[in-house]
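First up is the structure itself, then whatever we jot down about it.
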Amino acid sequence: MLDSYSLEMLFSIASFGFASALTPGPNNIMLLSSGLTFGYKRTVPHILGVMSGFTSMVICIGLGFGTIFELFPMLFTVLKVIGISYLLWMAWHIANTSGSLSIKVSNNNKPFTFLQGATFQLVNPKAWIVAITAVVSFTTAAHIAFTQVLIIAFIFLIAGSIACNSWTIGGVYLNKLIKNERRIKIFNVCMAILIVASVLPFMFE
């Protein structure tokens with residue numbers, strides 16, 4: 001690993017990775033809400049989907065997929081519009097999620113599946129920007145680019161694992177504190193507002 005990166009560079013990648021993964025964003029806010037609403041066990045597929053989806057995104061961009069956006073910059077704009085629209089719809093969905101404490105046995109409210117968690121990264125503007133920034137910033141030499149991309153992806157996988165689990169567990173503990181159905185409903189509305197707030201910076205770039 002040191003043949004590809006110095007210790008200082010590894011520290012820089014890790015710092016960027018953990019800062020990006022732990023700060024509030026669509027994934028973390030949705031996992032927090034899911035942990036509160038559905039519990040940790042039922043949110044595990046969502047966690048695994050986010051981790052695998054984002055890691056795959058980093059690898060694909062590192063292997064040259066990102067050049068498509070360089071050749072067709074309008075494609076990224078279209079993707080961003082689709083992603084922001086989907087996030088706004090998701091915020092509305094979360095805001096209207098039932099506050100019932102018996103939600104875990106409800107057929108109308110279900111947590112994300114593994115596939116939904118993974119494919120959601122395709123319409124997550126923050127995920128695209130973080131992944132592209134990481135690959136462009138930390139891929140330093142063409143002859144070892146593949147190895148460097150794998151290292152970057154591995155660091156983000158570790159950071160993502162810690163972040164996803166932390167936010168989900170945070171939601172689980174909030175569930176222990178919030179026993180009132182109305183308060184759960186209010187919490188979900190607040191999470192929806194935060195998702196919208198997390199999207200705003202990407203809307204005006």
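The values are calculated or read from the model by the stated rules, or taken from the named source; none is laboratory data. Source: prediction; values computed, not measured. Glycine gets a Cβ as well: all are built from the backbone with ideal geometry, and neighbour counts include every protein chain shown.
Among the helices (runs of 4 or more DSSP H) confined wholly to the stretch 11-114, which include 3 or more residues that are modelled with pLDDT of 90 or more, of a type in the set (A, V, I, L, M) and more than 20 Å from GLY170 (Cα to Cα)?
Numbers: elements: 26-38, 40-60, 67-71, 73-95.
Helices (runs of 4 or more DSSP H) meeting the threshold: 40-60.
Determine whether ILE169 is among the aliphatic types (A, V, I, L, M) and modelled with pLDDT of 90 or more.
Values: among the aliphatic types (A, V, I, L, M): yes; modelled with pLDDT of 90 or more: yes.
Answer is yes for this residue.
Count, please, the residues in the stretch 126-155 that happen to be buried (at least 17 other Cβ atoms within 10 Å of the Cβ) and either touching a His at 6+ places or on another chain (Cβ under 6 Å) or closer than 12 Å to MET57 by Cβ (or both).
11
Considering only residues that are free of Cβ contacts under 8 Å to residues at least 12 places away in the same chain and among the basic types (Lys, Arg), which ones fall in the stretch 9-48? Walk me through it before giving the result.
If we filter the stretch 9-48 for residues that are free of Cβ contacts under 8 Å to residues at least 12 places away in the same chain, which is where we start, we get 11, 15, 19, 23, 41, 44.
Matches in the stretch 9-48: LYS41 only.
In the stretch 156-186, what residues are under 22 Å from the mean Cα position of the chain (by Cα) and surrounded by fewer than 21 Cβ atoms within 10 Å (Cβ to Cβ)?
Correct list: LEU157, ILE158, SER161, ILE162, ASN165, SER166, ILE169, GLY170, VAL172, TYR173, LEU174, ASN175.
Is there a residue in the stretch 124-135 that is β-branched (Val, Ile, Thr), out of contact with any Cys (no Cβ under 7 Å at 6 or more places or on another chain) and over 22 Å from ASN28 (Cβ atoms)? First the steps, then the outcome.
First, the residues of the stretch 124-135 that are β-branched (Val, Ile, Thr): 129-130, 132-133, 135.
Within this subset, residues satisfying the condition of being out of contact with any Cys (no Cβ under 7 Å at 6 or more places or on another chain) are 129-130, 132-133, 135.
Still in the list and also over 22 Å from ASN28 (Cβ atoms): none.
Checking the stretch 124-135: not a single residue is β-branched (Val, Ile, Thr), out of contact with any Cys (no Cβ under 7 Å at 6 or more places or on another chain) and over 22 Å from ASN28 (Cβ atoms).
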